[in-house]
Every structure is written in C-alpha cells, then in structure tokens.
1. So what is the orientation-averaged projected area of the range 272-400, using the convex hull of its C-alpha atoms, in nm²?
2. How far is the Cα center of the range 216-275 from the Cα center of the range 367-413, in Å?
3. In percent, what relative contact order does the range 348-394 have, based on Cα pairs under 8 Å that are 6 or more apart in sequence?
4. Label the range 29-105 by shape, choosing from rounded, prolate and oblate, from the square roots a ≥ b ≥ c of the eigenvalues of the Cα gyration tensor; if a/c is under 1.5 it is rounded, and otherwise prolate applies when a/b is larger than b/c, oblate when it is not.
5. Can you sort 345, 276 so the residue with the fewest Cβ neighbours within 10 Å comes first?
6. Which of the chymotrypsin sites (Phe, Trp or Tyr not before Pro) found in the range 1-88 are in a DSSP loop and have at most 13 neighbouring Cβ atoms, other than their own, within 10 Å?
7. How many lysine pairs are close in the range 55-193, with Cα atoms under 21 Å apart and the two 8 or more places apart or on different chains?
8. Order these by the 10 Å Cβ neighbour count, fewest first: 262, 327.
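Each reported figure results from applying straightforward, stated rules to the coordinates on display, with no laboratory input. It should be emphasised that the depicted structure is a prediction, and the values quoted were computed from it without experimental measurement. All Cβ positions, glycine included, derive from the backbone under ideal geometry; neighbour counts span all protein chains shown.
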Amino acid sequence: MNSFLNYNCSCCNNNLVLINNFGKMPLANAFIDKKLFHKEHFFDLKTAFCEKCKLFQLVDQPKKELMFNDKYPFYSSLSEGMKLHFTNLYKNIFKNHLSQFDDPLSLEIGCNDGIFLENFKINNLRHIGIEPSSNVANIAKNKSINVLNKFFNNELTNYIIKNYGEAHLIYAANVICHIKDINSLFSSVEKLLHKKGKFIFEDPYLGDVIKNNQFDQIYDEHVYLFSIISIENICKRYNLEIVDCEKLLTHGGSMRYHIARTGEYLVNEKVSKIKDEEIQLGLDKKDIYLKFDENCKKFKNNFVNLLRDLSDKNQSVVGYAATSKSTTILNYCNISSEYLNCIFDSTEDKQDKFSPGMHIPIRSDADFTKIKSNYCILFAYNHKKEILEKEHKYSINGSKWIELFPLPKIIND
Ligand code: DWN
Ligand code: SAH
C-alpha cells in the first residue's frame with residue numbers, strides 16, 4: 001500500500017498513489033441468473049489518489065458498454081424521495097437561472113427514466129436527455145421526453161450544437177462521476193455551454209465518504225469521488241469556475257457544483273468556505289486516504305464478527321435494497337448466503353436473481369414482512385426515512401435493523 005503505481009491520473013497524467021485494494025469485484029449492477037454464474041465478469045477494484053490534481057479515482061474501470069446497456073437495472077423513479085428532490089430542484093433552477101432566458105435549452109446527461117426532465121416536459125421547456133442505457137431511456141421516451149439513446153461525448157456534442165444550438169443548462173445527477181474521460185467531458189461541456197449558461201451537477205461527495213467511512217460508494221460505475229478542490233482544478237483547464245456549491249443529503253451525502261464560464265457570474269463565498277473545510281480535513285493530502293483504508297479494514301472485521309456472532313446464536317439475517325453499493329460491501333467482506341439469507345428489493349429486474357459475486361438471492365420487497373427474520377441490514381441507508389416508514393411493522397415483533405456506517409451496528413429502538 002502507499003506505493004507509487006505504474007498508473008497515471010485520468011485527469012492530469014501524474015503518477016498515482018494506491019489507496020484501497022478491495023480485491024476481485026463483479027460489476028455492481030450485474031444481478032445474475034444461476035445458469036450464468038460461470039460467466040460472471042470480475043475486475044480488480046482498486047482506488048488511487050493523485051497528489052497533483054487531488055482527484056480520488058479508480059485505478060481501472062470496466063468498459064462502459066458492460067455497465068450501461070439495454071439491461072441497466074437502476075430505475076431512478078423507484079424512490080418517492082428522489083422524485084421530490086428533482087421536482088424541487090427543477091423549480092429552483094427555473095426560478096434562479098432558466099427564467100432569465102427566452103426559450104432556454106436544457107440538457108441532462110444520464111437522464112435515466114426521466115425523473116428530472118419530466119418537469120421540463122410538463123412545463124413545455126426545450127430539453128434533451130442523453131441516456132445510453134436503452135431500457136431506462138425507453139421509459140423516459142414513453143413519457144414524451146426528448147431522449148438521445150447515446151453516451152455523452154464529443155461527437156454527440158457536435159450533433160447537438162448543429163441541431164439544437166447551445167445549452168443554457170447542462171445538468172447531471174450521479175453521472176459525471178461515472179465518466180472516465182473527464183477531460184473530454186469538460187471540453188464538450190465547455191463547447192456546448194451558452195455564454196451565460198450553467199453546468200450544474202451533483203455526485204456523492206468525497207468529504208462524506210471519508211468522514212463516514214462509506215467505502216460502498218466505490219464500485220465499477222463510480223470512477224471518481226469528487227471534492228471542490230479536484231473539480232476546481234479541472235475547471236481551470238477549461239476556463240470554467242465553480243460559482244456556487246451545495247451540500248446535499250442524497251445518496252448518503254452529495255455535493256452539487258454550479259459551474260459557469262470564468263467571470264460571468266459572482267462566486268458565492270460558500271465555495272471558498274467549503275474548500276477551506278476540505279483542506280482542514282486533509283482531502284488534499286494522501287494521509288487521510290491511507291487512514292480511510294485502515295477504516296475500511298476495520299469495518300470488514302467488525303461486520304464479519306457481527307454476522308458470525310448472529311449466526312452462532314441462530315439468528316436469521318436478511319438485507320433491504322440490493323443497491324450497487326451493497327455489491328462492494330458483500331464482496332469485500334466475503335459475505336455469502338451462509339450469513340445473509342436474502343435481500344429484498346423493489347426492482348423487478350433484480351428480483352428472483354442473485355447478487356453479483358456473492359450470489360445472495362434477491363426477493364420482492366412485497367415479501368419482506370411475510371418472511372420472518374431477526375435482523376435486517378439496511379443497504380439503502382440513503383433512503384432510510386422512506387424505507388423505515390414503509391416497513392414500520394418490521395420492528396413491532398422484536399426484529400431489528402442493522403445500520404452500516406461508520407461501523408455496523410444494531411439499532412435498538
Ligand atoms: O449513482 C448511482 C445511483 C444514483 O443509483 C448509480 N451508479 C446506481 C444507483 O446506486 P444504488 O443502487 O446504490 O442506488 P440506491 O438508490 O441507493 O438504491 C436503489 C435500490 O434500492 C434499488 O434496487 C431499489 C431499492 N429500493 C427498495 O427496494 N425500496 C429503494 C427504495 C427507495 C425502496 O423503498
Ligand atoms: N441521473 C439519475 C441516474 C443516475 S445512474 C439519478 O440521479 O437518479 C447513472 C446514469 O448515467 C445511468 O442511467 C447511465 O446509463 C448513465 N450514464 C452512464 N454513462 C453515461 C455517459 N457517458 N453519458 C450519459 N449517460 C451516462
């Protein structure tokens with residue numbers, strides 16, 4: 001650990017410092033049928049830190065077509081909480097930004113099933129969604145949202161400029177951290193953006209991952225975990241700047257970055273305030289990441305001991321929500337169905353399949369309270385309020401929830 005790798009930063013090409021080695025990992029969303037177990041794809045899940053541009057990144061990311069295709073099993077609109085999040089955001093962006101333009105064009109990168117853009121459709125605003133995973137793109141299209149079923153890249157950028165013109169808003173939620181060629185992405189954004197346009201995006205926040213030990217945000221799709229410091233460094237290369245930022249509670253802690261052409265808007269003082277907090281925390285130096293790796297190992301130890309202890313006491317344990325994040329936890333901690341009976345989930349495409357790598361059976365959430373269990377691990381801690389309200393009956397008969405971070409613990413009511 002802590003050795004210099006023969007790998008270079010995807011952003012600035014500097015040598016990387018190795019941080020985590022989580023071992024062989026399947027694709028986080030490759031829920032699988034039993035007959036295909038022998039064909040499962042694995043890769044080495046390792047992270048690294050760039051001491052020059054301060055970008056925390058995966059050493060290797062599997063090919064994008066393996067992850068995003070016609071069977072991508074994450075449907076944004078399955079969460080009521082997230083629907084509300086995107087409707088509120090739409091209202092905010094319209095009032096504070098889009099309303100200053102005549103017939104503005106908005107572009108969303110990775111629009112999924114149209115959870116955000118449906119607000120634009122309903123309000124008759126010009127919009128384009130870019131979504132490479134055709135199964136989710138088709139749901140958006142069925143809502144009459146204008147979708148291009150493609151990966152966002154330079155070629156598509158030229159097509160959009162030619163056919164639609166410049167964008168007054170480019171928006172992305174939980175997508176920019178999925179795109180390995182960050183230079184090509186920023187150069188395309190810079191090309192597409194209207195002089196007074198804004199590029200607004202939100203992603204899981206590195207500061208929260210490090211503070212709360214949420215290493216489950218690290219998986220194939222998340223090639224980066226960003227900070228204000230690293231995004232500021234990238235922006236500088238493209239004559240862009242962060243003009244505002246917002247800490248969010250979504251996905252266990254996210255950051256929303258508001259980016260514009262340098263000098264076009266006043267910069268909110270929050271940007272330098274949060275950057276100072278990041279420096280205080282040490283996000284610009286490798287030491288905190290090496291400590292983070294130790295904390296991941298501590299988590300593994302505690303989690304395995306907790307599950308072993310419950311198994312020794314003949315207690316049955318299940319999981320709630322077969323998240324992408326749970327794939328990292330289960331494979332890194334080597335948790336098989338010996339310790340975890342099944343995971344309940346509301347996504348039909350995942351139900352009656354098996355979890356990637358550890359092959360835990362996935363069952364419909366409709367069966368959750370029909371099947372008695374003593375303990376349930378809440379994998380979707382980011383939807384805690386929504387899930388605990390929906391499943392309030394679970395603890396009535398003495399069953400208990402297990403929370404994961406910063407270290408696994410049983411919730412005693
Ligand atoms: O970045 C990403 C985010 C936006 O979504 C993607 N790379 C993939 C995905 O990550 P995730 O799978 O960790 O997302 P969630 O939103 O934490 O998990 C969603 C899963 O939880 C789905 O399989 C549905 C399930 N779920 C459930 O069973 N009952 C969710 C809710 C709200 C529920 O009530
Ligand atoms: N924005 C939604 C979906 C996030 S999941 C939300 O926040 O809930 C990530 C999405 O990005 C997937 O739908 C995936 O197909 C899409 N995606 C991945 N790589 C992309 C790329 N290069 N260009 C555009 N979309 C991409």
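1. Answer in nm², one decimal: 10.1.
2. About 33 Å separates the Cα centre of the range 216-275 from the one of the range 367-413.
3. 25 percent
4. Judged from the Cα gyration tensor, the range 29-105 comes out oblate (a/c at least 1.5, b/c at or above a/b).
5. The fewest-first ordering by Cβ neighbours comes to 276, 345.
6. none
7. 26
8. Lowest to highest Cβ neighbour count: 262, 327.
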